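A quick write-up on the structure given underneath.
Computed from the coordinates by the stated procedures, all read-outs in this text should not be read as laboratory data. Everything quoted here is computed from the prediction, not taken from an experiment. When we count neighbours, we look across all protein chains shown, and the Cβ atoms used for this are built from the backbone with ideal geometry, even at glycine.
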Amino acid sequence: MTNRTKDNLLDKSLKIIQAFVDVNEGWGVRELAAAMNYTVPTTHRILLQLKDHGIVEYQTDKNKYYIGTELIRIGAKVANTTPLQSITKPFLKTLAEKYEETICLLMLRKDKKQIFWADKVNGPKPLQYIIPIGEMQPIPYGGSGKTILAFLENDLIEEILNDEKFTSTEKESILTQLQHIRNEKVTSTVSERLEGSTGIASPIFNHENHPVGSLLLTAPTPRVTPDVVKNASVDIRDAAKEISSILGSSL
């Protein structure tokens, strides 16, 4: 492949990415090829390469490609402007104001079996956590990850737990926690993801009722009284449910 050919392919790839960002909806291969004035084989090849990197994802039931979670993660790192962030931002602000603690949005990167910090709003209290926006994290730790993990496919849950090399006893304990989360759609954990902190989290679902992220309150454990856990659990769950409803979820 010549340098000119490589440059031409890169140019086409960037324009295809821009088409997904500008239109903000799914594209069929032939539809996209016609819109870009590219051949169908070239368009398909580029989409497959972008899919391999998580830039786009393919939904078989609709036979279309959509913006992928890696592109969302990059956007979160750069400018915090993803649709999910736009939807959740008012909820983050309201909860941070009410509880005076840090409220975070985490999102799932399913193909990498990880989650990442997508957005956060700090409360006014001292010792607020510095959250590394865009940083990838393993899933099965803390409420932020476990509330997502609970609603993944069973074989994927098994894979993720095996990857982290949990003992059989630890796996059993986590699976019990996951069942509780499925029933309650909210959980609280202590010092699992952030040392010395308590997290209260609830999952966010998309229009297909698949988990796409979680809403999290995190604060130094001494400040999180039983009353805070009780009240915040209700508020975090209600907010996550409302966000999910906006996304089209029926859960």
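The distance from the alpha carbon centre of region 163-203 to that of region 53-125 is 21 Å, rounded to a whole number.
Each 5 Å bin from zero holds the following percent of Cα-Cα pairs in region 211-251: 5, 20, 28, 19, 12, 10, 6, 0.
With an 8 Å cut-off on Cα pairs and a minimum separation of 6 or more residues, tell me the relative contact order of region 3-67 in percent.
Details: 48 pairs, mean separation 21.9, N = 65.
Once divided by the residue count of region 3-67, the mean separation gives 34 percent.
Qualifying chymotrypsin sites (Phe, Trp or Tyr not before Pro) in region 55-152, where qualification requires a DSSP coil assignment and no more than 15 other C-beta atoms within 10 Å, are lacking entirely.
Please report the equivalent ellipsoid semi-axes of region 154-251, computed as sqrt(5 x eigenvalue) of the Cα gyration tensor, largest first, in whole Å. Don't skip to the answer; put the middle values down first.
Numbers: eigenvalues 98, 90, 22 Å².
The equivalent ellipsoid of region 154-251 has semi-axes of 22, 21, 11 Å.
Taking T167, T147, T187 in turn, the Gaussian network model of the chain (Cα-Cα springs below 10 Å) assigns the largest fluctuation to T167. Shown here are the Rg and Dmax of the Cα trace of region 3-67, at 11.1, 38 Å. Its DSSP H runs of at least 4 residues, each contributing -39,500 (n - 2.57), put the calculated 222 nm mean residue ellipticity of the chain at -16000 deg cm²/dmol, to the nearest 500. For region 16-161, the average shadow cast by the Cα convex hull is 10.0 nm², which is a quarter of the hull's surface. In order along region 62-72, the phi-based Karplus estimate (6.51 cos²θ - 1.76 cosθ + 1.60, θ = phi - 60°) of 3J(HN,Hα) comes to 9, 6, 9, 9, 10, 4, x, 5, 5, 5, 5 Hz; Gly and Pro are listed as x. Taking N as the residue count of region 99-202, its C-alpha radius of gyration divided by 2.2 N^0.38 Å amounts to 1.07. Each 10 Å bin from 0 upward holds the following percent of the Cα-Cα pairs of the chain: 7, 29, 31, 19, 10, 3, 0.
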